[in-house]
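The values are calculated or read from the model by the stated rules, or taken from the named source; none is laboratory data. Owing to the predicted nature of the structure, the values given are computational and were not obtained by experimental measurement. Because the Cβ atoms are built from the backbone with ideal geometry, glycine has one as well, and the counts that use them run over all protein chains shown.
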Amino acid sequence: MKQAQAHSFAVFGLGRFGTSIVEHLAQSDAEILAVDRNLARVEAVADRVDQAVAGDASDEEFLRRVALEHFDVVVFAMGEDFESSVMGTMLAKELGCPRVVVKALDPRQARILTRIGADQVVLPEVEMGAKIAKSLVNANILDVFDQIDGIDITERRPDPSWLGKTLAEADIRRTAQVEVLALIRNGHTQIPVNIDTILAPGDVLLTVDSH
């Protein structure tokens with residue numbers, strides 16, 4: 001099942017990693033709540049988000065006060081405070097948050113966070129903030145490869161609105177502002193992609209986005 005595009009995000013932890021995610025999400029015109037215990041960090045991003053507040057991710061009363069369950073995606077980026085990450089994850093899932101993404105410092109932490117309900121665990125040493133932000137906004141995006149300045153090569157699933165249509169009918173160049181470089185289906189790669197190819201749920205598209 002394809003996931004709907006996310007529009008609202010709560011990001012807890014505004015160190016370098018969390019701030020990087022906030023900055024890139026802000027470029028997508030998303031609704032953003034930014035939270036950190038450190039008021040100076042909160043103030044540093046206040047002009048780029050809808051709400052910036054000082055608070056504790058492990059405080060259930062605080063999470064209820066900010067109506068955490070109404071956000072499409074909740075990100076806990078406090079890898080250095082593992083206990084708060086664990087508590088925040090458990091509380092967010094109890095409140096009914098649809099997608100909880102958590103930063104981990106090592107594979108052991110990642111396993112624990114997954115077991116307690118995290119929908120996605122990231123290890124920032126191998127996943128950059130910009131790449132993760134793109135996958136948060138659109139869950140159909142599988143990977144983003146850093147290329148030359150101004151060009152992103154993206155591996156993605158077809159958006160739900162494209163399924164059952166030919167490449168020409170989906171008009172991806174106009175609707176998503178990307179060029180389709182290749183189509184991968186059942187392990188076979190089609191380059192170039194025939195415009196009469198009907199897009200199916202299992203397909204993977206390799207696209208280029210120049211900006």
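Would you be able to tell me the number of residues in segment 76-117 that are under 20 Å from residue 62 (Cβ atoms), among the polar types (S, T, N, Q) and within 17 Å of the chain's Cα centre (by Cα)?
Qualifying residue count, segment 76-117: 1.
If you check residue 108 against the conditions, is it loosely packed, with under 14 Cβ neighbours inside 10 Å and at pLDDT 90 or above?
no
Please go through segment 199-211 and pick out each residue that is more than 21 Å from the chain's Cα centre (by Cα) and either surrounded by 14 or more Cβ atoms within 10 Å (Cβ to Cβ) or modelled with pLDDT under 85 (or both).
Scanning segment 199-211 gives a single hit, 199.
Which one of these is at pLDDT 85 or above and crowded, with 18+ Cβ neighbours inside 10 Å: 172, 184?
172
Being aromatic (Phe, Trp, Tyr), surrounded by 19 or more Cβ atoms within 10 Å (Cβ to Cβ) and not in a loop (DSSP other than H, G, I, E, B), is that true of even one residue in segment 59-79?
Yes, segment 59-79 contains at least one residue that is aromatic (Phe, Trp, Tyr), surrounded by 19 or more Cβ atoms within 10 Å (Cβ to Cβ) and not in a loop (DSSP other than H, G, I, E, B).
Does segment 42-49 contain any residue that is in contact with a helix residue (DSSP H, G or I) (Cβ under 7 Å, 6 or more places away or on another chain), surrounded by 15 or more Cβ atoms within 10 Å (Cβ to Cβ) and assigned to a loop (DSSP other than H, G, I, E, B)?
For segment 42-49, residues in contact with a helix residue (DSSP H, G or I) (Cβ under 7 Å, 6 or more places away or on another chain), surrounded by 15 or more Cβ atoms within 10 Å (Cβ to Cβ) and assigned to a loop (DSSP other than H, G, I, E, B): present.
Among residues belonging to segment 162-190 that are without any contact (Cβ under 8 Å) to a residue 24 or more places away in the chain and part of a loop (DSSP other than H, G, I, E, B), point out the one that is nearest to residue 28 (Cα to Cα).
171
Assess whether residue 48 counts as being in contact with an Asp or Glu (Cβ under 8 Å, 6 or more places away or on another chain) and among the basic types (Lys, Arg).
yes
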